[in-house]
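Visitor: Just passing along the structure, written as structure tokens.
Coordinate-derived values only; no laboratory data. Predicted model, so just to flag it, every value in this text is computed and none were measured. Note that we place each Cβ from the backbone using ideal geometry, even for glycine, and neighbour counts take in every protein chain shown.
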């Protein structure tokens, strides 16, 4: 038969292709021989026995992200909220991922939802947002512990959205508005308090400065008056010394007599102008004796000073 060699060649080619398996990088193929686990093929070229061996499972060893569907959780204070998330997984044992569980992705999703409901039920609504990190860690720890026999490593879990009911959102908005108004009132009162303190401090400093200025003014006035009195006294003393010096000189006494007589006449003249009645001494006519008496007083004073 002329076609028999061709058929054999085709069968040989098919057998060769069936016996060669090329595994991509970061992938793992699980091979079964007659329905029983044989081996896990590593990346690169691998050879198997056609018709006896077959690739039963193919796994990616890359990190994969899976969405956790939204679910309704009830908090410790009986508030319902919708929560969803995302989990990051990686197959580390292809054999266990194939035979340890029927569908590890479905199992991880169910487990993540169950643990999420449990963790949310332990905390109050107000703490759900600030406890996200602790919730994520608890879910990762629980899934990783359960998936040891699945050949899967749970790397991390993240909550994507937490959606409370509309009524709760409105209440939270009112609460935040009240908190903002409270802070605004406190800041305003603090500002008014600081302003009053500053004004009182300024008034205090003003009074102190005014008193210091008044005190300095009085000191300056007193010093000025004392200086003036001292100057007048010194001038008077100088005048007296000058008069005393003049009396000892030639003609000094005659000059003093003339000056005394002029002052006496002048004073009596002013007295006559200021009143209609004027009392004169009995010896007013004897002007010389009056001047002589005054000069006697001056001489006695000079003798005492000497």
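Visitor: Exactly one of these conditions fails for residue 164: (1) closer than 19 Å to residue 105 by Cβ; (2) surrounded by 11 or more Cβ atoms within 10 Å (Cβ to Cβ). Give me its number.
Guide: Status for residue 164: all satisfied but (1).
Visitor: Here is a further query. Kindly evaluate residue 110 against the criterion of being over 11 Å from residue 150 (Cβ atoms) and without any contact (Cβ under 8 Å) to a residue 24 or more places away in the chain. Give the derivation first.
Guide: Numbers: over 11 Å from residue 150 (Cβ atoms): yes; without any contact (Cβ under 8 Å) to a residue 24 or more places away in the chain: yes.
Against the criterion (over 11 Å from residue 150 (Cβ atoms) and without any contact (Cβ under 8 Å) to a residue 24 or more places away in the chain), residue 110 qualifies.
Visitor: Could you check the range 1-80 for strands (runs of 3 or more DSSP E) lying wholly inside it with 3 or more residues that are within 54 Å of the chain's Cα centre (by Cα) and surrounded by 14 or more Cβ atoms within 10 Å (Cβ to Cβ)? First the steps, then the outcome.
Guide: Numbers: elements: 20-23, 27-33, 36-41, 44-47, 53-60, 64-74.
In the range 1-80, the matching strands (runs of 3 or more DSSP E) lie at 64-74.
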